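Engineer: First the structure, which I've put down as structure tokens, then a few questions once you've had a look.
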Number of protein chains: 4
Amino acid sequence: MQQMDGTADTPELEQLYKDFEANNMTPLWTQLGDLMPLQPSPAAIPFVWRWKVLHDIARRAGHLVPVGRGGERRAIALANPGLPGTAYATPTLWAAIQWLEGHETAPEHRHSQNAFRFVVEGEGVWTVVNGDPVRMSRGDFLLTPGWNFHGHHNETDQPMAWIDGLDIPLSHYMDVGFFEFGSERVTDYATPDISRSERLWAYPGLRPLSSLDPLVSSPIPAYRWEYTDRALAEQLLLEDEGHPATVEQGHAAVRFSNPTTGGDVMPTIRAEFHRLRAGAATQTRHEVGSSVWQVFEGSGTAVLGDVEHKLEKGDLFVVPSWVPWSLHANGEQFDLFRFSDAPVMERLHFNRTYIPGENK
Amino acid sequence: MQQMDGTADTPELEQLYKDFEANNMTPLWTQLGDLMPLQPSPAAIPFVWRWKVLHDIARRAGHLVPVGRGGERRAIALANPGLPGTAYATPTLWAAIQWLEGHETAPEHRHSQNAFRFVVEGEGVWTVVNGDPVRMSRGDFLLTPGWNFHGHHNETDQPMAWIDGLDIPLSHYMDVGFFEFGSERVTDYATPDISRSERLWAYPGLRPLSSLDPLVSSPIPAYRWEYTDRALAEQLLLEDEGHPATVEQGHAAVRFSNPTTGGDVMPTIRAEFHRLRAGAATQTRHEVGSSVWQVFEGSGTAVLGDVEHKLEKGDLFVVPSWVPWSLHANGEQFDLFRFSDAPVMERLHFNRTYIPGENK
Amino acid sequence: MQQMDGTADTPELEQLYKDFEANNMTPLWTQLGDLMPLQPSPAAIPFVWRWKVLHDIARRAGHLVPVGRGGERRAIALANPGLPGTAYATPTLWAAIQWLEGHETAPEHRHSQNAFRFVVEGEGVWTVVNGDPVRMSRGDFLLTPGWNFHGHHNETDQPMAWIDGLDIPLSHYMDVGFFEFGSERVTDYATPDISRSERLWAYPGLRPLSSLDPLVSSPIPAYRWEYTDRALAEQLLLEDEGHPATVEQGHAAVRFSNPTTGGDVMPTIRAEFHRLRAGAATQTRHEVGSSVWQVFEGSGTAVLGDVEHKLEKGDLFVVPSWVPWSLHANGEQFDLFRFSDAPVMERLHFNRTYIPGENK
Amino acid sequence: MQQMDGTADTPELEQLYKDFEANNMTPLWTQLGDLMPLQPSPAAIPFVWRWKVLHDIARRAGHLVPVGRGGERRAIALANPGLPGTAYATPTLWAAIQWLEGHETAPEHRHSQNAFRFVVEGEGVWTVVNGDPVRMSRGDFLLTPGWNFHGHHNETDQPMAWIDGLDIPLSHYMDVGFFEFGSERVTDYATPDISRSERLWAYPGLRPLSSLDPLVSSPIPAYRWEYTDRALAEQLLLEDEGHPATVEQGHAAVRFSNPTTGGDVMPTIRAEFHRLRAGAATQTRHEVGSSVWQVFEGSGTAVLGDVEHKLEKGDLFVVPSWVPWSLHANGEQFDLFRFSDAPVMERLHFNRTYIPGENK
């Protein structure tokens, strides 16, 4: 008789395993440790992509690869070395640099996948969401939730690059995605400073009476840097004045939220902005679920697992599930944008956090 | 035998009714029509209070009645003539004009009752909410939800008046109120333009990571006129541009909301701001639940039941449950603040609306 | 100048108070203590009604007062002596004994008010809810949530009495009620053991795929004594076996719940069944909100405020808001049915409980 | 210049693609059609496993492979031929036949993954969940939600087989799982007919007052066949009597639900039981998300995609995302158990259903 650990072998056992295979059956006992590890054991690895490299390569793609119907977007994904053969940052999250030359248009389409843009530098592009042109500027966080038509156009002579974030890996894995082509051009080339949806929705605590039901995703198409910056600055000032406001000493942070529910901006993606005071550091955290960070301003270090990474403006890094991470500002203020799959973890009740030194 | 309508009479019946009374019993059949009418039949009546009168009388109270511990507030309630012996605007809502002389302080206390202030004119007073000074200025809507300590002080030489709204009638009826005295002076006489809670919370769609749970009441202590005005103006502009934004033609409106839930600012009170374009009118509505309105700017008319009332700046009126109402702007833009018990109706599932001419 | 406590007086003050009254204004400072007491100070008093008395008087009403269209129900309400002139058990709750002679029919109607029946003894009546006949038997708890048509008919030669509970006082106070007459006879005189809605809904943890949305009120029309009794008995047995199951030592209790939400059976009324082991007692509790209890079986005592009341089968008593209460079984098991306005308190966030000796 | 469809080629382009690869970057435009298809395009295929084959092979494994610590369970998974190299029925769902010889024990452990058992035939095994022994009998649906310790033991001389369902594939993909070994034997070898948790929880609409908060997963450890069968039978009888009760003509169905929320039994898995009257058929449905079915009794056919499959008792089949399916009873009543990842789809708002002939 075979032991469950695999020792011993007989012709009957050999035949049994052959019959498993012939009948599309797989025993659990030979796979258990891999399938159900003692703690999350991700194939994805912590990794850093340098903005200078990404930007340089994207610039070259801008010269060599046209944008248009079919390929749809000149977006180049961050491919986690632990997930070979994929274009995934983590098993759930897609992160890409998108590049648009001066006066180019990326055509309109829509898809089930939830998407956002974050602008680490530059300006001059408008994203047209369901016909509503939304200006993209440095520091802005912009939404195109699932099944909203969207296209981009560059109004200037200069190229512009930004970050796209989507739930493509999870959507693809679970076979949930629909896709529909729209106009080959954007449907409105106007370039207003502020979109119609912002004019309707982007006020503190005010809701239009014409739309009172809770919405699955946030109706605010652009979270402007002006407010994010001010909110973070005020948290640090309040801390200086002796009032509770920050997450931990010297660490201010805001979460982008859906004003109709108070929850995350989209059902699968959480987005936050973090600011560390010069000299400040976060605690080390293990979290179920994965995230992608981009340095927005300043420099500092991230400790991912056991490895310390020096980070400059624009650098991106991923934190796979349960890999311990901490951030450290050095001589200057350190600003970072983060997105993660935390809403998935929370909605499915898989979320768990462990901070060494605190109670589990 | 007696009929259920009360005709006929016998000694046995007389004895029965005596025994009901002697044993603290009351038959339903003699009261049914009153207790369970075919539709809401409020004792409260539609009524208008003139701001000029309220203000003049409050001014005299300012000279004659001191404010201080015991009486607590120089607030004079709108007493619905249909509810004699009470100080209630409606069975659920309290509305009062509060008056504070120059350099006066109304002492701190807290209570279960939910409260707000609305400022139709004036400035110079700060409400201190749990130690956080909140400036009160024209057009601002200010919260002191249940069990938050609060006091007021007037920083100037001039008196200031505003409107208080509370759920005192409902709380009193249901025996739910607790009250606690605090400092006889306010705990912080600072006069910042913007309170600490606004610095933490009053941004479009941003939440501090230090407070992520849903809150029963909104953490925004002041909804500033600047944003309310802009939101209403934009709705009308969007309507002009051909986009859906208003409640009905020429009628812009916002609801003050709790950014942690998207719902009402407090569990028992809804607050809204309405703007009618010159010449515009609302549909006639019957609604379960009662509300109080104050004209903020402009003039117009309200039709309450069958009666038309001309309204000027500052005038207040009540709409009892199910009394049909409509608003009409005349030659100028007509701005009104409204508060109501709608969250109570909705949470208890008694809400119902009927618009004659539409399907019930 | 007058003090806020009302001392001192001048002609100017007298005129001020006259002008208040003439202009439908009421100062807060003269009413504050009554309107906003330090803790709930209900007018309703704790009170006991004896089942023998209720039953005897109801029996006489059965002989003297016909039931039929107009009066609708031969129901006699418990009128709290602290609420003179009303037919209310508490400010929010109505409790009545209803009596139906043999072969009588109480006609069909519907109303916004939520209603239930509880049967302390007897059988032979069916309540027809939206055309679905529901048998009423000893120990059963039966629902007719707001706006469901319902009538009753007695299939036997014998009279039957039961308890009606409704939110009439709250509905009347808030002006929310609609009422509609239906058939003068019940629409179905069938007398099945089990109603159609029970056949569809009354299973542990099973929902019909034909109705998957959450429902405002429970779709189970009758909670049968068989299950209630078994659930309570098992809790005490589990306690005997050393497992957590009871609320406190010797005190088993179940809440009737809406299987589509897990919450209360109706938006305004909570219903529970409590069983105390012989010799057991509850802690003393102060609770915001009011409740009505009926002894179902056994005898014991209730301490309401400072007064101890001996209780027999069928006796009813009320506990107004914040009045401390405890129950004590003596030589035998003590079974009690309870209903309360707790869902109102919780939905409006006025709920609070204090157990002396525990932390507030 | 290269076209987005990939035609044309230059040395610069070649170098660009090399640099993509060297820098862990992947262009979207070459993968778009695969990553974001027009509609879900699952790799998993519709497939049928025959119970006779599964049972025979599992019986042989019972003789050849011991059960015990390390391998933990003698469970053999249904491996979808479209997902080679995995042991997955679908990308999200695991389904296995588990076999326990007479008097064997499968040791206790717990894991984040949510699990259930369904018993198509046999009896004699108890699953011990957190120390509470739960009898397993034909037709029962049994829960072991995430992080509950559980083991199995066979009290009889005869082997027993049943179906395990888990969210292992999704949990593994998303890196969310924790695992902990417990006792090598079950902690309680008692063999009660009914578990303690059923005694506390398995009543229609009754909740113990000792546990009133909503629970993430259902506290009912076993949904007994007696109730499932009765609920389905009553739906068909009600249909016969002319009342709405079934999903569609001749098709009765119940969903197993969490009595504390009314929702699904676990956050990631939905479970239902379906009964088709002889001669009845379901509509054809496309659904986002995947499911696994097992025939419980009777025979019939399933049309999956374009292929018709004849089904006998115990046969299992999978329906990948968006593959159209319908069921057809032939000469006899057709009973099927189903589980699916629908709660995942709904919580992440990816759910969509299309019924040809109805509006999308």
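The values are calculated or read from the model by the stated rules, or taken from the named source; none is laboratory data. If you're wondering where the values come from, they're calculated on a predicted model, not measured in any experiment. We place every Cβ from the backbone using ideal geometry, glycine too, and count neighbours over all the protein chains shown. Keep in mind that these areas ignore ligands, DNA and RNA; they rest on the heavy atoms of the full protein, side chains included. Shrake-Rupley method; radii C 1.70, N 1.55, O 1.52, S 1.80 Å.
Engineer: Filter the helices (runs of 4 or more DSSP H) completely within region D:164-264 down to those with at least 2 residues that are within 20 Å of the chain's Cα centre (by Cα).
Structural biologist: Helices (runs of 4 or more DSSP H) meeting the threshold: D:168-174, D:225-240.
Engineer: What's the total number of residues in region D:310-360 that are within 14 Å of chain A (Cβ to nearest Cβ) and of a type in the set (A, V, I, L, M, F, W, C)?
Structural biologist: Total satisfying the criteria: 11.
Engineer: Can you report the number of residues in region D:13-34 which are open to solvent by less than 50 Å² (accessible area, probe 1.4 Å), modelled with pLDDT of 95 or more, closer than 28 Å to A:G177 by Cα and in a helix (DSSP H, G or I)?
Structural biologist: 1
Engineer: Also, quick follow-up: Consider only pairs whose beta carbons are under 7 Å apart and that are at least six residues apart or on different chains; among these, list those whose first residue lies in region B:113-129 and is more than 10 Å from B:D140 (Cβ to Cβ) and whose second residue is open to solvent by 20 Å² or more (accessible area, probe 1.4 Å) and in a strand (DSSP E or B).
Structural biologist: Within 7 Å, the pairs are B:W126/B:R135.
Engineer: Which of (1) part of a loop (DSSP other than H, G, I, E, B); (2) over 18 Å from the mean Cα position of the chain (by Cα) does B:V303 not meet, given it meets every other one?
Structural biologist: (1)
Engineer: Tell me, please, whether a residue that is over 28 Å from A:Y173 (Cβ atoms) and more than 11 Å from chain D (Cβ to nearest Cβ) can be found in region A:80-100.
Structural biologist: So far as region A:80-100 goes, yes, one or more of its residues are over 28 Å from A:Y173 (Cβ atoms) and more than 11 Å from chain D (Cβ to nearest Cβ).
Engineer: It is to be established whether one or more residues within region A:266-277 are in contact with a Gly (Cβ under 6 Å, 6 or more places away or on another chain), more than 8 Å from every other protein chain (Cβ to nearest Cβ), surrounded by fewer than 21 Cβ atoms within 10 Å (Cβ to Cβ) and without any contact (Cβ under 8 Å) to a residue 60 or more places away in the chain.
Structural biologist: Taking every residue of region A:266-277 in turn, at least one turns out to be in contact with a Gly (Cβ under 6 Å, 6 or more places away or on another chain), more than 8 Å from every other protein chain (Cβ to nearest Cβ), surrounded by fewer than 21 Cβ atoms within 10 Å (Cβ to Cβ) and without any contact (Cβ under 8 Å) to a residue 60 or more places away in the chain.
Engineer: Now a separate question. Of the residues A:S326, A:S290, which single one is in contact with a Pro (Cβ under 9 Å, 6 or more places away or on another chain), farther than 22 Å from A:R230 by Cβ, open to solvent by less than 10 Å² (accessible area, probe 1.4 Å) and not aliphatic (A, V, I, L, M)?
Structural biologist: So the residue among A:S326, A:S290 that is in contact with a Pro (Cβ under 9 Å, 6 or more places away or on another chain), farther than 22 Å from A:R230 by Cβ, open to solvent by less than 10 Å² (accessible area, probe 1.4 Å) and not aliphatic (A, V, I, L, M) is A:S290.
Engineer: Would you tally the residues in region B:45-59 being more than 10 Å from every other protein chain (Cβ to nearest Cβ) and closer than 17 Å to C:K18 by Cβ?
Structural biologist: Summing the residues that are more than 10 Å from every other protein chain (Cβ to nearest Cβ) and closer than 17 Å to C:K18 by Cβ in region B:45-59 gives 1.
Engineer: For the structure I just gave you, tell me whether B:V295 is open to solvent by less than 20 Å² (accessible area, probe 1.4 Å), modelled with pLDDT of 95 or more, in contact with an Asp or Glu (Cβ under 8 Å, 6 or more places away or on another chain) and under 21 Å from A:L209 (Cα atoms).
Structural biologist: Numbers: open to solvent by less than 20 Å² (accessible area, probe 1.4 Å): yes; modelled with pLDDT of 95 or more: yes; in contact with an Asp or Glu (Cβ under 8 Å, 6 or more places away or on another chain): yes; under 21 Å from A:L209 (Cα atoms): yes.
When the stated conditions are applied, B:V295 passes them.
Engineer: Tell me which residues, restricted to region D:229-265, are open to solvent by 40 Å² or more (accessible area, probe 1.4 Å), more than 18 Å from C:L206 (Cα to Cα) and more than 10 Å from chain C (Cβ to nearest Cβ).
Structural biologist: Scanning region D:229-265 gives D:D240, D:G242, D:Q249.
Engineer: Starting from residues that are facing chain B (nearest Cβ under 7 Å) and open to solvent by 20 Å² or more (accessible area, probe 1.4 Å), keep the ones in region A:213-228 and report whichever is farthest from A:G300 (Cα to Cα). Quick ask: steps written out before the conclusion?
Structural biologist: First, pick out the residues of region A:213-228 that are facing chain B (nearest Cβ under 7 Å): A:214, A:218, A:220, A:223, A:227-228.
From what's left, open to solvent by 20 Å² or more (accessible area, probe 1.4 Å): A:214, A:227.
Numbers: A:P214: 39, A:Y227: 24 Å.
Across region A:213-228, the extreme among qualifying residues is A:P214.
Engineer: Out of all the residues in region D:329-356, which are surrounded by fewer than 19 Cβ atoms within 10 Å (Cβ to Cβ), outside any loop (DSSP other than H, G, I, E, B) and not acidic (D, E)?
Structural biologist: D:T353, D:Y354
Engineer: Which count do you get for residues in region B:47-68 that are open to solvent by 40 Å² or more (accessible area, probe 1.4 Å), assigned to a helix (DSSP H, G or I) and among the hydrophobic types (A, V, I, L, M, F, W, C)? Outline the logic, then answer.
Structural biologist: Going through region B:47-68, the residues open to solvent by 40 Å² or more (accessible area, probe 1.4 Å) turn out to be B:47, B:50, B:52-53, B:55-56, B:59-60, B:63.
In the following step, the residues that additionally are assigned to a helix (DSSP H, G or I) were identified as B:52-53, B:55-56, B:59-60, B:63.
Applying the additional criterion that residues be among the hydrophobic types (A, V, I, L, M, F, W, C) yields B:53.
Counting residues in region B:47-68 that are open to solvent by 40 Å² or more (accessible area, probe 1.4 Å), assigned to a helix (DSSP H, G or I) and among the hydrophobic types (A, V, I, L, M, F, W, C) gives 1.
Engineer: Consider B:H152 carefully, then state whether it is within 22 Å of the chain's Cα centre (by Cα), surrounded by 15 or more Cβ atoms within 10 Å (Cβ to Cβ) and part of a helix (DSSP H, G or I).
Structural biologist: Against the criterion (within 22 Å of the chain's Cα centre (by Cα), surrounded by 15 or more Cβ atoms within 10 Å (Cβ to Cβ) and part of a helix (DSSP H, G or I)), B:H152 does not qualify.
Engineer: Can you name every residue in region B:165-185 that is more than 24 Å from B:I97 (Cβ to Cβ) and either more than 7 Å from chain C (Cβ to nearest Cβ) or touching a strand residue (DSSP E or B) at 6+ places or on another chain (Cβ under 6 Å) (or both)? First the steps, then the outcome.
Structural biologist: Quick first cut of region B:165-185, residues more than 24 Å from B:I97 (Cβ to Cβ) only: B:174-176, B:178, B:180, B:183.
Of everything in region B:165-185, those that are more than 24 Å from B:I97 (Cβ to Cβ) and either more than 7 Å from chain C (Cβ to nearest Cβ) or touching a strand residue (DSSP E or B) at 6+ places or on another chain (Cβ under 6 Å) (or both) turn out to be B:E180, B:S183.
Engineer: Answer with yes or no whether D:L143 is open to solvent by less than 10 Å² (accessible area, probe 1.4 Å) and touching a residue at least 40 places away in the same chain (Cβ under 8 Å).
Structural biologist: yes
Engineer: Which numbered condition trips up A:A75, out of (1) free of Cβ contacts under 8 Å to residues at least 60 places away in the same chain; (2) under 18 Å from the mean Cα position of the chain (by Cα)?
Structural biologist: (1)
Engineer: Within region A:69-130, which strands (runs of 3 or more DSSP E) (wholly inside it) include 2 or more residues that are over 23 Å from D:N24 (Cβ atoms) and open to solvent by less than 10 Å² (accessible area, probe 1.4 Å)?
Structural biologist: On the way: elements: A:75-78, A:94-100, A:105-111, A:115-118, A:123-129.
The qualifying strands (runs of 3 or more DSSP E) are A:105-111, A:123-129.
Engineer: Here's another thing I want to ask about it. With respect to C:T10, is the statement that it is open to solvent by 10 Å² or more (accessible area, probe 1.4 Å), more than 7 Å from chain B (Cβ to nearest Cβ) and either more than 16 Å from the chain's Cα centre (by Cα) or not hydrophobic (A, V, I, L, M, F, W, C) (or both) true? Walk me through how you get there before you give the answer.
Structural biologist: Details: open to solvent by 10 Å² or more (accessible area, probe 1.4 Å): yes; more than 7 Å from chain B (Cβ to nearest Cβ): yes; either more than 16 Å from the chain's Cα centre (by Cα) or not hydrophobic (A, V, I, L, M, F, W, C) (or both): yes.
For C:T10, the condition - open to solvent by 10 Å² or more (accessible area, probe 1.4 Å), more than 7 Å from chain B (Cβ to nearest Cβ) and either more than 16 Å from the chain's Cα centre (by Cα) or not hydrophobic (A, V, I, L, M, F, W, C) (or both) - is met.
Engineer: Exactly one condition in (1) assigned to a loop (DSSP other than H, G, I, E, B); (2) open to solvent by 30 Å² or more (accessible area, probe 1.4 Å); (3) closer than 30 Å to C:A106 by Cβ is not met by C:Q39; state its number.
Structural biologist: (3)
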